[in-house]
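J.: Sharing a structure, written as structure tokens. Questions coming.
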Amino acid sequence: MASTQVVHAHAAPQGFIRKYVFSLDHKVIGLQYYFLALIAVFVGMALSLLMRIHMVYPTANLPFFGEIKPETYLMFLTMHGTIMVFFVLTTAPQSGFGNYFLPIQIGAPDMAFPTLNMLSFWTTFVAFVVLIAAFFVGAPLHGWTGYAPLSAVPSAGPGEGLGADLWITSIAIFCAASLMGALNFITTVLDLRAKGMSMMRMPLTCWAWFITAILGLLAFGVLLAAGILLLMDRNLGTSFFVPGGLNFTGQTAFPPGGFSPSSTPIKHSGGSPLLWQHLFWFFGHPEVYIAIVPGMGVTSQLLSTFSRKPIFGYKAMVYAMLAIGLLGFVVWGHHMFMSGMSPYSAFAFSIMTMAIGVPSAIKTFNWLGTIHRGRVRFTAPMLFAIGFVSLFVSGGLSGPFLAQPVLDIPLHDTYFVVGHFHLIMGVAAIFGIFAGTYYWFPKMFGRMMNETLARWHFFITLVGTYAIFMPMHYLGMAGQTRRYSEFTQVAYQMKLVPLQKFVTYAAIVTISGQLIFLFNLFWTMAKGRKATDNPWEATTLEWTTATPPPHDNFAGRTPVVNHGPYEYSVPGASRDYVMQTDPATATAH
């Protein structure tokens, strides 16, 4: 029987450093993760804006940056992808919201290993600092996927010296932090649930964080090992990923002294660049679900709460997330159809990729079933949850095209792929973060965010997202190549520049719209309207405690759970919702 044992409790901190910096409180650590991700997302957006401006105005002389060279563009591309995938999409939904609300939602006083939790955050912080340090020595240009041999040979190009070492080191440190966090999440769910909180009474958010932790435990270890092997190839002369007979030639002035002409073969032999791809994508595709599954949990929570209906098919939603997590480990090869793999292997990966659409469709139809004939409250969190479903479906529909090798091969190196994964993995997950922020902000800070500003933020972001990424599908079908810094050298690509300009203008407006969110966030912290303990009339355990929650979450009492997490519109109940801690006699069920 899972229980909350006193051995996991720790005294309330006294000093500022112990309370807000090196805190053991899961709520403070969750906020630390959240604000780290907030800093990271604005760095990532700034890099994307610089790339967009360069693509449509390749000779523009920008303040501070001057004229952006092709190698600088590729550096921006690498750092944008790395920051967004690791320090935003992985950090905010799982480590931020998960750390704050998982223990409260299962009735625990804290995470299972508070010290390990603190260590996990500060390790993540160190990883972020190491990554940012790469800017100051010449960041790498090998892309966020770090494909060998470009990433494995220090003399391969600008930024591939110390900058690439820092990039790989940062990823390895991040993997170690994520492994610590994953162990903590799994142990907390299995061991610290309150009395009456069976697995099938957990909110779907807890299931999402639990499944994501399992994915992280299995995936990040592989990437950590691959990163260590890559560092050995670069610095110790091993040949895991570098084949024999390579000869890099050419020169550049950026960074100073970082790259010199060479006419002698690289002294490596026997390595396989495809080995890196297999190891990276064995992590990389589960990483898609590490980013998106927490958003699925938040969306399920919000659609039920604001439709005033029980979630449609609770068990089906749980099993669908489990199926998505399982299938996510057997589809990595669809990223490698261009690598010359056996058609038989490609066929197997194609079938499994199509199969993963089944649990995804189950979740989508269950979300629609939850809203259907509900008494929908179109609050800001609900709008972003609906936006998540919209983006998940829109981005997902282009997935089956890329799952077919015969279609993926001509589309793979085009903007079609960029549009697809930004919708399904990037912005959909970001909408989940926004939905969670607007929903849980009253509990975290005791104040209600401004609803009018939140609605402006939603509509600008939703319309802007579609204006940015839907045209990319058309650009891809027209043959616009990704990773190119400019399109002025090829006649047919030049004809597509007007559409790229439209995308750039849409990106400028959409990024500007995020300043509304930023203002709303910090203004509300200081001067927002005070929130009640349960402003949304929700049912889960975080809404049964004080606002903000006390140090041990429930002020010395241990909650007893008598109901499921989505008891809305229950016949015979005194109100239209029954909280999980209400007496068992509160409803006729």
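The values are calculated or read from the model by the stated rules, or taken from the named source; none is laboratory data. Just so we're clear, the structure is a prediction, and the values are computed from it rather than from any experiment. Cβ sites come from the backbone with ideal geometry, for glycine too, and all protein chains shown count toward neighbours. Surface areas here come from the heavy atoms of the whole protein model, side chains and all, with no ligands, DNA or RNA. Shrake-Rupley method; radii C 1.70, N 1.55, O 1.52, S 1.80 Å.
J.: Do we have Ile266 as buried (at least 17 other Cβ atoms within 10 Å of the Cβ), touching a Leu at 6+ places or on another chain (Cβ under 7 Å) and either of a type in the set (A, V, I, L, M) or under 30 Å from Ser345 (Cβ atoms) (or both) here?
T.: yes
J.: Out of everything in region 84-101 that is aliphatic (A, V, I, L, M) and over 23 Å from Glu486 (Cα atoms), what residue ends up being surrounded by the fewest Cβ atoms within 10 Å (Cβ to Cβ)?
T.: If we take residues in region 84-101 being aliphatic (A, V, I, L, M) and over 23 Å from Glu486 (Cα atoms), then Val85 is surrounded by the fewest Cβ atoms within 10 Å (Cβ to Cβ).
J.: Just checking, does region 203-214 include any residue being among the small types (Gly, Ala, Ser) and outside any loop (DSSP other than H, G, I, E, B)?
T.: Scanning region 203-214 turns up at least one residue that is among the small types (Gly, Ala, Ser) and outside any loop (DSSP other than H, G, I, E, B).
J.: Further, regarding this structure: If I ask for residues that are open to solvent by 40 Å² or more (accessible area, probe 1.4 Å) and among the polar types (S, T, N, Q), which ones from region 164-189 would you list?
T.: Scanning region 164-189 gives Thr169, Thr187.
J.: Within region 408-431, does at least one residue satisfy the condition of being under 20 Å from the mean Cα position of the chain (by Cα), more than 23 Å from Ala37 (Cβ to Cβ), in a loop (DSSP other than H, G, I, E, B) and of a type in the set (Gly, Ala, Ser)?
T.: Checked region 408-431: no residue is under 20 Å from the mean Cα position of the chain (by Cα), more than 23 Å from Ala37 (Cβ to Cβ), in a loop (DSSP other than H, G, I, E, B) and of a type in the set (Gly, Ala, Ser).
Matching residues to (1) farther than 25 Å from Leu279 by Cα; (2) without any contact (Cβ under 8 Å) to a residue 24 or more places away in the chain; (3) part of a helix (DSSP H, G or I):
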residue: Ser155; (1), (2), (3): no, no, no
residue: Glu160; (1), (2), (3): no, no, no
residue: Gly163; (1), (2), (3): no, no, yes
residue: Phe174; (1), (2), (3): no, no, yes
residue: Met197; (1), (2), (3): yes, no, no
residue: Met200; (1), (2), (3): yes, no, yes
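J.: Shifting gears a bit: I'd like to verify a number: residues in region 215-239 that are outside any helix (DSSP H, G or I) and surrounded by 23 or more Cβ atoms within 10 Å (Cβ to Cβ), how many?
T.: Number of matching residues: 0.
J.: If I ask for residues that are surrounded by fewer than 13 Cβ atoms within 10 Å (Cβ to Cβ) and of a type in the set (A, V, I, L, M, F, W, C), which ones from region 531-589 would you list?
T.: Ala546, Ala555, Ala584, Ala588
J.: Which of the residues belonging to region 14-73 are open to solvent by 40 Å² or more (accessible area, probe 1.4 Å), in a loop (DSSP other than H, G, I, E, B) and either in contact (Cβ under 8 Å) with a residue 24 or more places away in the chain or closer than 19 Å to Thr91 by Cα (or both)?
T.: Phe22, Lys69, listed by residue number.
J.: Additional query: Condition first: open to solvent by 10 Å² or more (accessible area, probe 1.4 Å) and either assigned to a loop (DSSP other than H, G, I, E, B) or closer than 15 Å to Leu383 by Cβ (or both). Now tell me which residues in region 288-313 satisfy that.
T.: Of everything in region 288-313, those that are open to solvent by 10 Å² or more (accessible area, probe 1.4 Å) and either assigned to a loop (DSSP other than H, G, I, E, B) or closer than 15 Å to Leu383 by Cβ (or both) turn out to be Lys309, Pro310, Ile311, Phe312, Gly313.
J.: Does region 102-141 hold any residues that are farther than 19 Å from Val43 by Cβ, open to solvent by 10 Å² or more (accessible area, probe 1.4 Å) and either in a loop (DSSP other than H, G, I, E, B) or of a type in the set (Lys, Arg) (or both), and which are they?
T.: Pro109, Phe113
J.: Within region 365-392, can you find the residues that are over 24 Å from Met449 (Cα atoms) and outside any helix (DSSP H, G or I)?
T.: His372, Arg373, Gly374 - these are the residues of region 365-392 that are over 24 Å from Met449 (Cα atoms) and outside any helix (DSSP H, G or I).
J.: Just to be sure before I move on: is Thr510 within 29 Å of Ile53 (Cβ to Cβ) and open to solvent by less than 30 Å² (accessible area, probe 1.4 Å) in the structure I sent?
T.: yes
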